[in-house]
Amino acid sequence: MCGIVGYIGSKQAYPVIIKGLKRLEYRGYDSAGIALLNGDMNVFKKAGKVSDLETVVDEARTHATIGIGHTRWATHGEPNDRNAHPHISHSGSLAIIHNGIIENYAAIKELLISRGYIFHSDTDTEVLVNLIEEVQKKENTSLDNAVRIALNQVVGAYAIVVLNKSNPNQLIAARKGSPLVIGIGEDEFFIASDASPIIEYTKNVVYLDEQEYAVINRDGNYQIRTLGNVEKSPEIKKLEFTIETIEKGGFEHFMLKEIYEQPKAIEDSLRGRMNAAQGWIKLGGINEYINRIANAERFIVTACGTSWHSGLIGEYMIEDLARIPVEVEYASEFRYRNPIITEHDVVIAISQSGETADTLAAINLAKERQALIYGICNVIGSSIARVSHAGSYTHAGPEIGVASTKAFSTQVSLITLIALRMAEAKGTISTSKMREILYELENIPRKIEETLQLDAQIKEIAAIYKNATNFLYLGRGYNFPVALEGALKLKEISYIHAEGYPAAEMKHGPIALIDENMPVVFLATNKSAYEKIVSNVQEVKARKGKIIAVVTKGDTQIRELADHIIEVPETEEILSPLITIVPLQLLAYHIAIMRGCNVDQPRNLAKSVTVE
Ligand code: G6P
């Protein structure tokens, strides 16, 4: 979490950095700050959003062509002005911005205090900038060498940029465990946590690799070295997305835009990877490993949050179609519980950002134990994509709303192809069944378009329940993970307590919660177990719960029982999550808006969680 931006060149740095920070606010918005160098080191910081920072900046002191800025998701220390970045070294000569955590900060801080350093914040970052200063003083060396030596002494994760008052022609950046991209312009450089602050100025970027640092000079020269001091030749990549994809495009919020983008995102995700008429699936990223993957004794899916819910759908699909046993693990649990992993396992890591620290750590553990790692990521060039042996990008385009929507549907679409490809390789699916599913998958974007037309009706339902204090979401089979995801969407952005549950498990606990104040969202499109879900609906009705049912068009039985019916187009049961999630995303969105919540930047959350 935390977003960082640096600029050096001939432009005014302040507007470039502020705009960049606004693009990175999805990474955290507890506080923001900026340091600009124009003879003096001008530092402005403020708790709250980047727009709050702008209110305290003295424009007269912003004239500078070099600077750094930060938007924070708090780890060490309260999110107040004092703890906001940039942090300044004891002598006042260095300023630093940092995304990550320095784990051994306490011991270093103690040592520095004993050497006379005074601290003004509770952050681990202030410790790091003073350590760099101390190393530079003690070793009497260049700043970049001091940064390298200091970073070799710290334990933890970081992406940092250092600004030096006595050298207005240089920025130093380094990374370990947190992402960092350098934009290469004409005699100017941009540094950022992702490419979104860079895209409007240049398409040429260098992704800094793990344990590398960059020395970037105003004269156009830059060098990249490892923290072990080995020079690397930078690989310049071309950004593929455009500025339009990271703007709201007429929608009021990114989340709504991204919900509406799902048909296109799924098409982009499937493009060139399947052909229903000819009955083929091509997943370039796995060709080299197809035998090992199809012959795996077991798949372990590891992920967090929404991506974990896609993984659960993947478990149902892969077991159903390819008959390979699958386990789905929260990455944070998996890595700490000494799991059994062998070289016969395939670990599928799912991550929109490709940077989630727990997921990254889980796959590093699995890699050590010789499993094959298959990464499913959205962000191109992200850490998880890079450490995986094989992988496929979801191609959903940038997802900016903190609550994940199109990333989820593209993950599920892609996992469908993977499950079918495995089934084909294992001979567990007939050609006709495979074509049937592929035809239906091709139809999904159109059916989502149709479902999006229910928006006005869903808004009316939202208005009725916007003041509820609890919500229950129930589903069976493929719709159970959708119930979890629907509940997650609601709690993330509206702060209403919501639980997702397997519909049949309701009677083992949650049924005690049901009374006339409890809205219960049923996902009841299943063909199999339909009668069973009707019984569950009856059980809720008997206890006066308010029933909102998502059903297949033409359904008659549940209509009789439910207070509200949301009719969605019919589809193959395994593809139903791609349709049934849409009304739940819209319901959460409208409720949150009606409650006055900031849907794109919900409190306490961040989109990319790069701390454990
Ligand atoms: C955070 C986000 C969620 C996301 C989860 C996993 O909690 O707020 O929306 O699902 O991280 O992120 P990933 O990038 O790994 O999919």
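The values are calculated or read from the model by the stated rules, or taken from the named source; none is laboratory data. These figures come from a predicted structure and were not determined experimentally. Positions of Cβ are backbone-derived with ideal geometry, glycine not excepted, and every protein chain shown enters the neighbour counts. The protein model used for the area step is the full one, side chains on, heavy atoms only, and it has no ligands, DNA or RNA in it. Shrake-Rupley method; radii C 1.70, N 1.55, O 1.52, S 1.80 Å.
For the listed peptides 550-557, 600-607, 428-435, a ranking on the average number of other beta carbons within 10 Å per residue, highest first, reads 600-607, 550-557, 428-435.
Rolling a 1.4 Å probe over the protein heavy atoms of the chain, with every protein chain left in place, gives an accessible area that is 48 percent carbon and sulfur. Over the residues of the chain, the helix contribution to mean residue ellipticity at 222 nm works out to -11000 deg cm²/dmol, using -39500 (n - 2.57) for each DSSP H run of at least 4.
Tell me, what is the FRET efficiency for residue 469 and residue 209 to the nearest 0.05, using R0 = 45 angstrom and their Cβ-Cβ distance as r? The pair residue 469/residue 209 has a calculated efficiency of 0.40. Mark the label point 7 Å from the Cα of residue 242 along Cα→Cβ and return the residues of region 386-416 whose backbone N is within less than 19 Å of it. From region 386-416, the list is 395-400. Using the 1.4 Å probe convention, the accessible area of the chain works out to 37 Å² per residue with neighbouring protein chains retained. Scanning the chain for DSSP H helices at least 27 Å long along the axis (C-alpha atoms) with a Kyte-Doolittle mean no lower than 0.0 picks out 406-426, 576-594. Counting only Cβ charges, +1 for Lys and Arg and -1 for Asp and Glu, the dipole size of the chain around its Cα centre is about 100 debye. Of all DSSP-defined beta bridges confined to the chain, some 60% are antiparallel rather than parallel.
Diagonalising the gyration tensor over the Cα atoms of region 488-560 and scaling each eigenvalue by 5 before taking the square root yields semi-axes of 20, 15, 12 Å, largest first.
The GluC sites (Glu not before Pro) of region 164-226 that DSSP puts in a loop, and whose beta carbon has at most 11 other beta carbons within 10 Å, are 186.
Using heavy atoms of the protein chains and a probe of 1.4 Å, the accessible area assigned to residue 586 is about 0 Å². Counting charges near residue 232 (Lys, Arg +1; Asp, Glu -1) among other residues having Cβ under 10 Å from its Cβ returns a value of -3.
Once both labels are positioned 7 Å from their Cα atoms along Cα-to-Cβ, the gap between residue 297 and residue 495 label points is 4.9 nm. Would you tell me the accessible area of residue 480, worked out with a 1.4 angstrom probe on the heavy atoms of the protein chains, in Å² to the nearest 10? Approximately 40 Å² of residue 480 is accessible to the 1.4 Å probe. Working from label points 7 Å from Cα in the Cα-to-Cβ sense, the residue 251 to residue 58 distance is 4.2 nm. Here the chain yields Rg over Rh of 1.00, to two decimals, using C-alpha coordinates and the Kirkwood radius.
The modelled label-to-label distance for the pair residue 595/residue 10, using points 7 Å beyond Cα in the direction of Cβ, is 5.2 nm.
Only lysine pairs 8 or more places apart, or on different chains, with alpha-carbon atoms under 20 angstrom apart are counted in region 438-534, and they number 7.
What the Cα atoms of region 171-227 give is an Rg and a Dmax of 10.6, 31 Å.
Summary of the geometry: region 35-60 and region 80-116, compared by the centres of their Cα atoms, lie 19 Å apart. Within the full protein context, the accessible area of residue 17 is estimated at about 0 Å² for a probe radius of 1.4 Å.
Any idea how far the Cα center of region 349-380 sits from the one of region 128-207, in Å? Answer, in whole Å: 25. The stretch between residue 563 and residue 507 holds 18.1 nm of extra length on full extension. This uses 0.36 nm per residue minus the Cα-Cα distance. Available extension along the chain between residue 456 and residue 233 is 74.8 nm, counting 0.36 nm per residue and deducting the alpha carbon span.
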